[in-house]
């Protein structure tokens, strides 16, 4: 999938915010939203997308990568830590 296909697929998801490149992640986001993030910077096509939902009632996020790519892209971890107090990464708890 590419950015346009993901935008079209996600447009009916109430919490969907945007499709973002790993090097263009915002400093802050609304407390309840879902973002789709590309592991590549905006200058590359992007082949590995991740969805990260953030929940308001519990300031947390859940990160799952079906390919289980380790290490986690550092920009993703920083983004999650900036926007929630706790996060779950591939099934492990991660304090922000």
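For region 3-23, give me each residue that is touching a helix residue (DSSP H, G or I) at 6+ places or on another chain (Cβ under 7 Å), outside any helix (DSSP H, G or I) and within 12 Å of residue 38 (Cβ to Cβ).
Keep residues of region 3-23 that are touching a helix residue (DSSP H, G or I) at 6+ places or on another chain (Cβ under 7 Å), which gives 16, 19, 22-23.
Remaining after also requiring outside any helix (DSSP H, G or I): 16, 19.
19 - this is the single residue of region 3-23 that is touching a helix residue (DSSP H, G or I) at 6+ places or on another chain (Cβ under 7 Å), outside any helix (DSSP H, G or I) and within 12 Å of residue 38 (Cβ to Cβ).
List every residue pair whose Cβ atoms sit under 8 Å apart, with the two residues 6 or more apart in sequence or on different chains, where the first one lies in region 1-18 and is closer than 15 Å to residue 50 by Cα and the second, anywhere, is at pLDDT 90 or above and in a helix (DSSP H, G or I).
1/9; 16/10
Just one of the numbered conditions (1) in contact with a strand residue (DSSP E or B) (Cβ under 9 Å, 6 or more places away or on another chain); (2) at pLDDT 80 or above; (3) surrounded by 13 or more Cβ atoms within 10 Å (Cβ to Cβ) is not true of residue 44; which one?
Unmet for residue 44, out of (1) in contact with a strand residue (DSSP E or B) (Cβ under 9 Å, 6 or more places away or on another chain); (2) at pLDDT 80 or above; (3) surrounded by 13 or more Cβ atoms within 10 Å (Cβ to Cβ): (3).
The values are calculated or read from the model by the stated rules, or taken from the named source; none is laboratory data. None of these values were measured; they are calculated from a predicted model. Neighbour counts run over all protein chains shown; Cβ positions are idealised from the backbone, glycine included.
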